[in-house]
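Heads up: the structure comes next, in structure tokens.
The values are calculated or read from the model by the stated rules, or taken from the named source; none is laboratory data. Every value quoted in this text rests on a predicted model; they were computed, and no experiment measured them. As a convention, Cβ positions derive from the backbone with ideal geometry for all residues, glycine included, and neighbour counts pool all protein chains shown. Keep in mind that these areas ignore ligands, DNA and RNA; they rest on the heavy atoms of the full protein, side chains included. Shrake-Rupley method; radii C 1.70, N 1.55, O 1.52, S 1.80 Å.
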Amino acid sequence: MNRPERVLVPLLLTVVTAGLLTACTGADSGPAASGATPSARPTPTPTAASSPTPSPARRSPTASPTPSTAAEITEAVTQWYAYGGETAMVSLIKEAGKAQSGRPSEKEEFDLVILDFGGLQDALSTARLFGSIPDPKTRKTWSAAIERLDEGTREVLDSAPEGRTFQSPAETGQALRGWHTFDQGLKSLKATEARLRRAFGLQPPSDPWEEG
């Protein structure tokens, strides 16, 4: 007797030129000597074009200097955190936790699964707006978290059966792969939160992992 497959209810989603002037100079003959028979004016011989005056070098737009010293990086990361970075990170942690509430249990043979990824996808969109963390190490884990969570979410959603309640074995395997990628995103997200706390002393008032 075939074992029943897991139930998956699909998610209701919300998603100068500068012109150079050249001047030609012509040689004009001087006035004829007084009383002398006027002679034919010589045909002016064109001279080589004078060298153009170099245009002043165009100045590039003023860009914010890239922080390089430890003190500069700390200050830049602190500003990133204060002006939206903290909110984006906390929201992503909480929404990732909520999304996991619909994850099927490996201990149960038959699960009714309700996927709720709407809030997570909104949080991912916000997190992308704050992707440029001034610290290279923190930026690497933060980018990986966003990428993996997004990729895992999409794969799980794509595994939802269309017009059916039960998943096929192939769809079940795809869902498991999606959750595995999702777990990698959570791991990178935890590494980001930990580095901000340990390296820069930045942490939210309460633990977002407990609240999620």
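Every residue in segment 180-206 that is surrounded by 13 or more Cβ atoms within 10 Å (Cβ to Cβ) and at pLDDT below 95, please.
Q203, P204
Residue under question is Q174, and the condition is that it be over 20 Å from the mean Cα position of the chain (by Cα) and open to solvent by less than 70 Å² (accessible area, probe 1.4 Å); does it hold?
Yes, satisfied.
Out of the residues in segment 159-179 that are assigned to a helix (DSSP H, G or I) and under 18 Å from Q100 (Cβ atoms), which is modelled with the lowest pLDDT? Working first, answer last.
The initial filter retains those residues of segment 159-179 that are assigned to a helix (DSSP H, G or I), namely 169-179.
Now restrict to residues that are under 18 Å from Q100 (Cβ atoms): 172, 174-179.
Values: T172: 88, Q174: 92, A175: 91, L176: 92, R177: 95, G178: 95, W179: 94.
Among them, the one singled out is T172.
So for segment 133-144 (the condition being within 22 Å of K94 (Cβ to Cβ), outside any helix (DSSP H, G or I) and touching a Phe, Trp or Tyr at 6+ places or on another chain (Cβ under 9 Å)), does at least one residue qualify?
From segment 133-144, those within 22 Å of K94 (Cβ to Cβ) are 133, 138-139, 141-144; that's our starting set.
Within this subset, residues satisfying the condition of being outside any helix (DSSP H, G or I) are 133.
Narrowing the set further to residues that are touching a Phe, Trp or Tyr at 6+ places or on another chain (Cβ under 9 Å) leaves 133.
Within segment 133-144, one or more residues are within 22 Å of K94 (Cβ to Cβ), outside any helix (DSSP H, G or I) and touching a Phe, Trp or Tyr at 6+ places or on another chain (Cβ under 9 Å).
For segment 123-138, give me each residue that is out of contact with any Ser or Thr (no Cβ under 7 Å at 6 or more places or on another chain) and open to solvent by 30 Å² or more (accessible area, probe 1.4 Å). Working first, answer last.
Of the residues in segment 123-138, the ones out of contact with any Ser or Thr (no Cβ under 7 Å at 6 or more places or on another chain) are 124-125, 127-130, 132-137.
Those that are out of contact with any Ser or Thr (no Cβ under 7 Å at 6 or more places or on another chain) and open to solvent by 30 Å² or more (accessible area, probe 1.4 Å): S125, R128, L129, F130, S132, P134, P136, K137.
Output the number of the condition that I114 fails; it satisfies all remaining conditions of (1) under 25 Å from the mean Cα position of the chain (by Cα); (2) over 25 Å from S68 (Cβ atoms).
With (1) under 25 Å from the mean Cα position of the chain (by Cα); (2) over 25 Å from S68 (Cβ atoms) applied to I114, the lone miss is (1).
Please go through segment 80-96 and give me each residue that is surrounded by fewer than 18 Cβ atoms within 10 Å (Cβ to Cβ) and either over 18 Å from the mean Cα position of the chain (by Cα) or aromatic (F, W, Y) (or both), ordered by number. Give the derivation first.
The initial filter retains those residues of segment 80-96 that are surrounded by fewer than 18 Cβ atoms within 10 Å (Cβ to Cβ), namely 82-84, 87, 94.
Selection gives A82, Y83, K94.
If a residue must be among the polar types (S, T, N, Q) and not in a helix (DSSP H, G or I), how many such residues does segment 122-132 contain? Can you show your working first?
Of segment 122-132, the ones among the polar types (S, T, N, Q) are 125-126, 132.
With not in a helix (DSSP H, G or I) added as a condition, the list becomes 132.
Looking only at that region, the number is 1.
Please state which one of E155, E211 is open to solvent by 20 Å² or more (accessible area, probe 1.4 Å) and either touching a Phe, Trp or Tyr at 6+ places or on another chain (Cβ under 6 Å) or closer than 18 Å to L92 by Cα (or both). Outline the logic, then answer.
Values: E155 fails: either touching a Phe, Trp or Tyr at 6+ places or on another chain (Cβ under 6 Å) or closer than 18 Å to L92 by Cα (or both).
The unique qualifying residue is E211.
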